[in-house]
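Coordinate-derived values only; no laboratory data. These numbers were taken from a predicted model, which means no experiment stands behind them. Here the Cβ is made from the backbone with ideal geometry for all residues, glycine too, and neighbour counts use every protein chain on show.
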């Protein structure tokens, strides 16, 4: 009896004093945690807090510099993820690693050890799909599947190896609310079978819904652990960030001006295989308004951004109007000249160049305006002054006076990129996923800046997957699904469920039966 | 075991400057081993290759003369490579510049077309034709890339052989000196069609000054102008360059025209300076050696000035080694190849920390 009790008390996985250094940078500093069978354990913290490094160590992708890992009480040393899987650790990544042109079964066969025939595998896939209520057709090609369905493939191929511990990295970041709900039901079943979950998220409501224990990381250290069900989202956030988060201050009065950005039946075929075609997108955006576009990633949002910004030209000049001027066939520099500004989704390599200094990154999008160039020569003094102004106004934290962009944290670089555009006082700002992978404090600063810009009379087109963000900042919200844009709804009179239904394609009328 | 490349978070200036020096030392070490395996004395070879040429006035001048085309070509290549475009065909563009400019030298031979206005216009026009010839030849791979998506690496390289064989045919055919005893070479240009020497009876010609000026202009353009910014941004982050509103097709054509034009200029400088006529072999591989120069100089025009002198040394030292140590002339090219490998390895090592993983946790 005593022996049995001891067995139950031995954690499934136990990390003791884990330290991971990259050169002089310490990503994990003396982290210890225990995960028990049947437990859902949350790992929360802001970007850069060291969550990914820690789970990569558990999954055998990285080796700890110091400390040890015990699995069922025995030291575990891993030489790569295949050994982690063999020991019973599985992982579902945030970004899927699937081959678009292969079927579900083929994708799963690729990662399983041994060479079982696909026909035998089909049965096992269907069995797992049935058992955990995750509808999955082994014969569909991956490109035709939604993000939620793709995630089920990842989960299924993890489960086929019968893991005792499953690591999930931000699993709901690509899901609609309804898909997330279905995922939680699956996860509840896994827990009931005695499997342990290590759940990484910054969505605190989910953590409260699913997990019994939470370990909170900040700047590479463990700053606490708690039972998230006993905490509020607000208190968890304060633990994560180390200080309280401000609410967005909405302007007291809202007066909308004339039309600043108009899309009139904008259609544009995608240039990429399995890309999304824009299909008759129309919207009218007035001065002083924040207009949100919701939708699951990959439904045409980046294509829309490319078209509106002028990175890709439209097929007709009259489908896009800025302040009443047709600009469909005019390039991004011309559109900036008419008072538009743009912030793309990806900071690194799109909005900013990593090895360039902040001053040079300021020149990147503003070289045509603000007197930064004359006769082809760059006025570096002026650029430096403008960059410092952005840094000061948006409280961009950095090392050194003018460091390379890549040395900034995600949140600080995003504040710089957003600040760079906002300080040009644009009449129209188009911004795609402004707070993706950004810490909570920086996200609040950015959202406030968008609302303030609109209050000064500008139009803001905000493309986002984050419903909280959209409800917090927008006046109207429309939903993008398979390249089509729904009719806009008033943000104060629409529910999350309605938006969620539009995100899955229901409620679009005929488009719901597109395939 | 697996090898991990971890990006270095802090790249120090010392590391950046030290890398080419370490690479050079590594290449010299490997070269020494090879020479030792050939049964010669590595110490003596080092003396002959790297020390002796620096001790005499004439060989120092020769060094500058050999470095001149390398600088001109490599500065152009640095624009291409910075923009992440791979012009490997500078050798061909060099030949085209030499041929087109040299053609005017042949036409005006023996005071032809120099009657009323004199011959002052010939040399400048030859230089201009050299630039045009190289630029147009470089635009072929650039246009193929822009229109058809053809790999500029392959097309530019293959056009080298077209140029080499074309030159060979010209000097055996239409450009052959009728009084040249059937040797495959053109007439010798008039003095007025030759680059002036900087001092009477010396080897240094005006092309050396030209190379210096081009390097300085190149450095200024890259660092201070919007076009230089565009070039650097396009190589560093192509999507960001598109976001900045820069047109990558236009840029491709521009940098190819620049690097081709400068390679063509180097060609006509060599033909109108050193050689004074067209022969089947107007380049000892300058167009390829300049690739090494560009990388050893870290794609910076000022660094290229230094790197060109180093590579020029291998040419002069190589010639001396043929005579004094009876080493094969291929040794020079082999050494240049080893040097390029060492430079590229050193570059990788400054960008990444290389770690060998043996699996067990420490």
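If Rh is defined by the Kirkwood formula over all Cα pairs and Rg also comes from Cα, what ratio Rg/Rh do you get for the range A:364-437? Spell out each step's value before the answer.
On the way: Rg = 12.9 Å, Rh = 13.3 Å.
Taking Rg over the Kirkwood Rh, I get 0.97.
Counting DSSP beta bridges in the protein assembly as shown, what percent are antiparallel, to the nearest 5?
Details: 46 of 81 bridges.
So the antiparallel bridges in the protein assembly as shown amount to around 55 percent.
Taking every alpha carbon pair in chain A, what does the distance histogram look like in 10 angstrom bins from 0, in percent?
4, 17, 26, 26, 18, 8, 2, 0, 0
Working from Cα positions, state the angle (0 to 90°, nearest 10) between the long axis of helix A:410-422 and the longest principal axis of chain A.
Once rounded, one gets 10 degrees.
Taking the Cα atoms of the range A:457-505, what is the range of coordinates along each of the three principal axes, in descending order and whole Å?
33, 22, 18
So, how do all the Cα-to-Cα distances of the protein assembly as shown break down into 20 Å bins, in percent, from 0 on up?
Result, from short to long distances: 13, 36, 32, 16, 3, 0 percent.
Looking at the range A:1-108 from every direction and averaging, what is the projected area of its Cα convex hull in nm²? Spell out each step's value before the answer.
Details: hull surface 36.6 nm².
Answer in nm², one decimal: 9.1.
For the range B:84-218, take N as its residue count and report Rg(C-alpha) divided by 2.2 N^0.38 Å.
Numbers: Rg = 17.2 Å, N = 135, 2.2 N^0.38 = 14.2 Å.
The reported ratio for this selection is 1.21.
Once the convex hull of the C-alpha atoms of the range A:391-515 is built, how many Å³ does it hold per residue, rounded to a whole number?
Working: hull volume 15.3 nm³, N = 125.
Cα convex hull per residue, to the nearest whole number: 122 Å³.
Run the numbers on chain A and let me know its relative contact order in percent, using alpha-carbon pairs under 8 Å that are six or more apart.
Values: 1013 pairs, mean separation 74.4, N = 515.
Worked out over chain A, it gives 14 percent.
Where does chain A land at 222 nm, in deg cm²/dmol rounded to the nearest 500, when only DSSP H runs of n ≥ 4 count, each adding -39500 (n - 2.57), divided by all residues?
Taken over chain A, the calculation gives -10000 deg cm²/dmol.
Going by average Cβ neighbours within 10 Å, how do the peptides B:115-121, A:162-168 rank, with the highest at the top?
Details: B:115-121: 10.1, A:162-168: 20.7.
Averaged packing, sorted descending, gives the order A:162-168, B:115-121.
Roughly what % of DSSP beta bridges within chain A run antiparallel, to the nearest 5? Numbers along the way, then the final one.
On the way: 38 of 73 bridges.
Roughly 50 percent of the DSSP beta bridges within chain A come out antiparallel.
Calculate, in whole percent, how much of the Cα-Cα pair population of the range A:259-509 lies beyond 30 Å.
Distances greater than 30 Å cover 24 percent of the Cα pairs.
From Cα pairs below 8 angstrom and at least 6 apart in sequence, can you work out the relative contact order of the range A:259-509, rounded to a whole percent? Could the numbers behind the result be given before it?
On the way: 498 pairs, mean separation 68.0, N = 251.
It comes to 27 percent, rounded to a whole number.
Could you give me D for the range B:69-297, from Stokes-Einstein at 10 °C and 1.306 mPa s, where the hydrodynamic radius is the Kirkwood radius over C-alpha pairs? Units µm² s⁻¹, please.
Numbers: Rh = 17.9 Å.
Taking Rh from Cα pairs, D becomes 89 µm²/s.
What Kirkwood hydrodynamic radius, in Å, does the range A:226-334 give when the mean of 1/r is taken over all pairs of distinct Cα atoms and then inverted? Don't jump to the answer; show the numbers that get you there.
On the way: mean 1/r = 0.0588 Å⁻¹.
Roughly 17.0 Å, rounded to one decimal.
To make sure I understand, if each residue's beta carbon is the centre and we count other beta carbons within 10 Å, what order do A:503, A:76 fall in, fewest to most?
Working: A:503 24, A:76 19.
Going from sparsest to densest Cβ surroundings: A:76, A:503.
More than 16 angstrom separation, counting every C-alpha pair in the range A:176-237; what % is that?
Values: 911 of 1891 pairs.
That tail contains 48 percent of the Cα-Cα pairs.
What Rg and what Dmax come out for the range B:139-223 when only alpha-carbon atoms are used, in angstroms?
Reported Rg and Dmax, both Å: 19.0, 52.
Expressed as a fraction of 2.2 N^0.38 Å, the rule-of-thumb size for a compact globular protein of N residues, what is the C-alpha radius of gyration of the range A:132-270? Write out the running numbers ahead of the final one.
Values: Rg = 20.3 Å, N = 139, 2.2 N^0.38 = 14.3 Å.
Its radius of gyration relative to the 2.2 N^0.38 Å reference: 1.42.
Could you tell me the convex hull volume per residue, in Å³, taken over the Cα atoms of the range B:190-256? Before the final figure, lay out each step's value.
Values: hull volume 7.7 nm³, N = 67.
It comes to 116 Å³ per residue, whole-number rounded.
Taking chain B as the reference, fit the longest principal axis to its C-alpha atoms, fit the long axis of helix B:206-224 to the helix C-alpha atoms, and give the angle between the two in degrees, 0 to 90, nearest 10.
Long axis of B:206-224 versus the principal axis of chain B: about 40 degrees.
Based only on the alpha carbon positions, what is the Kirkwood hydrodynamic radius of the range B:28-113, in angstrom?
After inverting the mean inverse Cα-Cα distance, the result is 16.8 Å.
Using Cα pairs closer than 8 Å and at least 6 residues apart in sequence, work out the relative contact order for chain B, in percent. It would help to have the intermediate numbers written out before the result.
Details: 608 pairs, mean separation 132.1, N = 362.
Relative contact order of chain B: 36 percent.
Out of all DSSP beta bridges with both ends in the range A:9-241, state the antiparallel percent to the nearest 5. Mind dumping the intermediate values first?
On the way: 20 of 37 bridges.
If I count the DSSP bridges inside the range A:9-241, around 55 percent turn out antiparallel.
By the gyration tensor of its Cα atoms, with a ≥ b ≥ c the square roots of the eigenvalues, what is the shape of the range A:118-209: rounded for a/c under 1.5, prolate for a/b over b/c, or oblate? Mind dumping the intermediate values first?
On the way: a/c = 2.08, a/b = 1.33, b/c = 1.56.
Judged from the Cα gyration tensor, the range A:118-209 comes out oblate (a/c at least 1.5, b/c at or above a/b).
Two-decimal Rg/Rh of the range B:234-295 from alpha-carbon positions, Kirkwood Rh? Could you put the intermediate results ahead of the total?
Numbers: Rg = 16.4 Å, Rh = 14.0 Å.
My calculation of the ratio gives 1.17.
What order do you get for A:143, B:86 when you list them from fewest to most C-beta neighbours inside 10 Å? Show your work: numbers first, answer last.
Details: A:143 13, B:86 18.
By the 10 Å Cβ count, ascending: A:143, B:86.
If you average the C-alpha positions of the range B:39-85 and of the range B:245-316 separately, how far apart do those two centres end up, in angstrom?
Centre-to-centre distance over Cα atoms comes out at 13 Å.
Looking at the range A:9-241, what % of the alpha carbon pairs are farther apart than 24 Å?
Details: 11939 of 27028 pairs.
Of all Cα-Cα distances in the range A:9-241, 44 percent exceed 24 Å.
Between helix B:226-236 and chain B, what is the angle of the helix's C-alpha long axis to the longest principal axis, kept within 0 to 90° and rounded to the nearest 10?
With rounding to tens, the tilt is 50 degrees.
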